[in-house]
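The values are calculated or read from the model by the stated rules, or taken from the named source; none is laboratory data. Given the structure is predicted, the values throughout are model-derived calculations rather than measurements. A quick note on method: Cβ atoms are made from the backbone with ideal geometry, for glycine too, and the neighbour counts reach across all protein chains shown.
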Amino acid sequence: MASADTTNEQFPVRVFGGPTALFEYGGLRFLTDPTFDAPGDYPRPNGRLLTKTAPPSGSPADLGRIDVVLLSHDEHADNLDDSGRALLADVPLTLTTPGGGQRLGGGAEGLADWESIELDRPGGGKITVTGVPAIHGPGAREEVEPITGQVVGFVLTGEGLPTVYVSGDNASLDLVKEIAERFGPVDTAILFAGAPRFPVIFDGAPLVLDSAQAAEAAEILGARRVVPVHYDSWAHFTEGREDLVAAFTAAGLADRLQLA
């Protein structure tokens, strides 16, 4: 497993709350699942509400240039809200699910599982972004996707660059194992956590990793650094910062955890 004693060499990741994080990699600036709306209730087509409980720590005006949005899925307001959708119009490329690419249009492009795209780096060279599988809830994909929709994660690689995994709204450790077999060890894992739950969906089982599973995912990936997102600012997120610290400490991985 990769060592965790060189985190001072890692690139900075700025977390804005919810699933939204900004980082520069290989000279390009990446933003995950943009959510910059104010607190409030967000209706779903099925009649349920998503309730945002806290504002983001910044606004789109604070971002500067964004070259690529990595969007795990476009169908839920806690991953893409109104201001996030508006932001996409000014971003050259949004990578997301195949269905999301069709729905969003414009600069959006869908990536199927294990499908890759090469991006030109400023000054030469390439970044490869690979779409990796994710399941937004417990159980088999064919059982989960009709209820919670299709999601995608991402792995970023490049010559002389660290390996970065962005999990998206994934709840499957079996898929994490598949990703680790292809790409591990991972230098930075941006893990969506928070154990979001609804009592009426999957008997209240987490729809994304809980804190203990996030720590297990870090172990599986051999991650040198874990930056958790998607654990605050929404009422249906049931585990937060203290739960993550406790889980990573219990797993002996506290030195890998980087919290905003």
_Can you list residue pairs whose Cβ atoms sit under 8 Å apart, with the first residue in the stretch 173-187 being at pLDDT 95 or above and the second being exposed (fewer than 13 other Cβ atoms within 10 Å of the Cβ)? Count only pairs 6 or more apart in sequence or on different chains._
Pro185/Met1
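Residue by residue, here is whether (1) touching a Lys or Arg at 6+ places or on another chain (Cβ under 8 Å); (2) at pLDDT 95 or above; (3) surrounded by 23 or more Cβ atoms within 10 Å (Cβ to Cβ); (4) outside any helix (DSSP H, G or I) holds:
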| site | (1), (2), (3), (4) |
| --- | --- |
| Gly64 | yes, no, no, yes |
| His73 | no, no, no, yes |
| Thr94 | no, yes, yes, yes |
| Gln102 | no, no, no, no |
| Gly106 | no, no, no, yes |
| Asp113 | no, yes, no, yes |
*Find the residue count for the stretch 115-165, including only residues that are within 18 Å of Phe198 (Cβ to Cβ) and within 20 Å of the chain's Cα centre (by Cα).*
11
